[in-house]
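Working notes, beginning with the structure itself.
Computed from the coordinates by the stated procedures, all read-outs in this text should not be read as laboratory data. Being a predicted model, the structure only gives us computed values, none of them experimental. Here the Cβ is made from the backbone with ideal geometry for all residues, glycine too, and neighbour counts use every protein chain on show.
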Amino acid sequence: MDAIKFVHEQLTAERKFPAFRPGDNVTVNYKIIEGDKERVQAFRGDVIQIKGQGATKTFTVRKISNGVGVERIFPFSSPNIVGIEVTKRGKVRRSKLFYLRGLVGKKARIKERKLIKDN
Amino acid sequence: MTSIYDGAGKNVACTVVEAGPCVVTQVKTEDTDGYSAVQLGFGEAKEKNTTQPLLGHFQKAGTTPKRKVVEFRNFSIGKALGEEVNVADVFTEGDTINAIGVTKGKGFQGVVKRHGFSGVNDQTHGQHNRGRAPGSIGASSFPSKVFKGMRMAGRDGGQQVTVKNLRVLKVFPEQNLILVKGAIPGHKGATIILEKKI
């Protein structure tokens, strides 16, 4: 018996999100609780990493905010994610896009992937 | 270890422990042994790997050979010899428990990792390759020796450690699993002892 798997089957609700890959541009709508108030904040950027498996799988989104690179890690199973929208599909040749951290401006762009067959 | 989300949407690190079924292999009383305790056996062992004295001991309790046998004092659960003890008999959600286990072996380690020395956190001021050196181990002609117990490099880990005041987040009675908040000493699949605080 896989005890950890069993616990997550019982306690972690499975979330359904549109499929995306590293290089894609996504908007993550994230619930933020301030005191007793609750609001939804959008975080839009490029997915530079998908890591882990099962209930502890996460993805990292990078964006440039006011000229400063900002990265945020979201767990796929977080109940605070309201929704994920895939805004652009990117064409990249690796699964971890950490090289983007060293690039600025036009160099840091990701080429768009033209979808011939919808996946 | 893994993590779950609590009601407030917070991610809580936790450990899944398979804590049963245990079998009462001996009941010690004031009259026969001078103190009262209950001995529990856990996990199946092969008969060919169990010694003759232990085989007889398990036979007396009417059970199969067990891998681990541990004695618990002041264990007032009212189970007789050979009876099964399950998770729900002992633990409920919200209990405070202690976990006793043997930590992962770390091998030969320096003083920074082994004793938490801060090391020399600087590349300048005349320091070259001694960023993690222990520094002075005592004075010179007096006392002319290194005091016993001086903390130095050596074997680290592989020691018995008690982690106190862990909280039980969830109990699964049918699977004999409990979910404990925080970390527990030892590697994956290690045998540990859980003590309930009264």
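Starting from residues that are among the β-branched types (Val, Ile, Thr) and over 20 Å from B:Ser36 (Cβ atoms), keep the ones in the range B:47-98 and report whichever is surrounded by the fewest Cβ atoms within 10 Å (Cβ to Cβ).
Residues of the range B:47-98 among the β-branched types (Val, Ile, Thr): B:50-51, B:63-64, B:69-70, B:77, B:85, B:87, B:90, B:92, B:96-97.
Those still in the list that are over 20 Å from B:Ser36 (Cβ atoms) too: B:50-51, B:63-64, B:87, B:92, B:96-97.
On the way: B:Thr50: 17, B:Thr51: 9, B:Thr63: 18, B:Thr64: 15, B:Val87: 23, B:Thr92: 13, B:Thr96: 13, B:Ile97: 22.
Result: B:Thr51.
For the list (1) within 14 Å of another protein chain (Cβ to nearest Cβ); (2) out of contact with any Leu (no Cβ under 6 Å at 6 or more places or on another chain); (3) closer than 16 Å to B:Val180 by Cβ, I need the number of the one condition that B:Ile4 fails.
(2)
Okay, residues lined up against (1) more than 25 Å from the chain's Cα centre (by Cα); (2) closer than 28 Å to B:Ile4 by Cβ:
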site: B:Thr103; (1), (2): no, yes
site: B:Gln109; (1), (2): no, no
site: B:Ile137; (1), (2): yes, no
site: B:Lys145; (1), (2): yes, no
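Hey, can you tell me all the residues within the range A:57-89 that are touching a Ser or Thr at 6+ places or on another chain (Cβ under 6 Å) and either within 12 Å of chain B (Cβ to nearest Cβ) or among the aromatic types (Phe, Trp, Tyr) (or both)?
The answer is A:Ile73, A:Pro75, A:Ser77.
Name the single residue that is nearest to the other protein chains (Cβ to nearest Cβ) among those in the range A:90-113 being out of contact with any Gly (no Cβ under 6 Å at 6 or more places or on another chain) and of a type in the set (A, V, I, L, M).
By that ranking, first place goes to A:Leu97.
Could you list, in sequence order, all residues of the range B:73-127 that are among the polar types (S, T, N, Q) and more than 30 Å from B:Ile137 (Cβ to Cβ)?
B:Asn74, B:Ser76, B:Asn86, B:Thr92, B:Thr96, B:Asn98, listed by residue number.
Tally the residues that are more than 20 Å from the chain's Cα centre (by Cα) and in contact (Cβ under 8 Å) with a residue 12 or more places away in the chain, restricting the search to the range B:8-48.
First, pick out the residues of the range B:8-48 that are more than 20 Å from the chain's Cα centre (by Cα): B:8-12, B:24-36, B:45-48.
Next, only the ones that are in contact (Cβ under 8 Å) with a residue 12 or more places away in the chain stay: B:12, B:24-28, B:35-36, B:45-47.
Adding up the residues that qualify gives 11.
Got a sec? Which strands (runs of 3 or more DSSP E) wholly within the range B:125-191 have at least 3 residues that are closer than 20 Å to B:Cys22 by Cβ? Lay out the reasoning, then the answer.
On the way: elements: B:154-157, B:160-172, B:177-181.
Qualifying strands (runs of 3 or more DSSP E): B:160-172, B:177-181.
Restricting the first residue to the range A:26-48 and requiring it to be exposed (fewer than 14 other Cβ atoms within 10 Å of the Cβ), which pairs with a second residue that is charged (D, E, K, R) and part of a strand (DSSP E or B) meet a Cβ separation below 7 Å and a spacing of at least six or different chains?
A:Ile32/A:Arg39; A:Glu38/A:Lys31; A:Val40/A:Lys31
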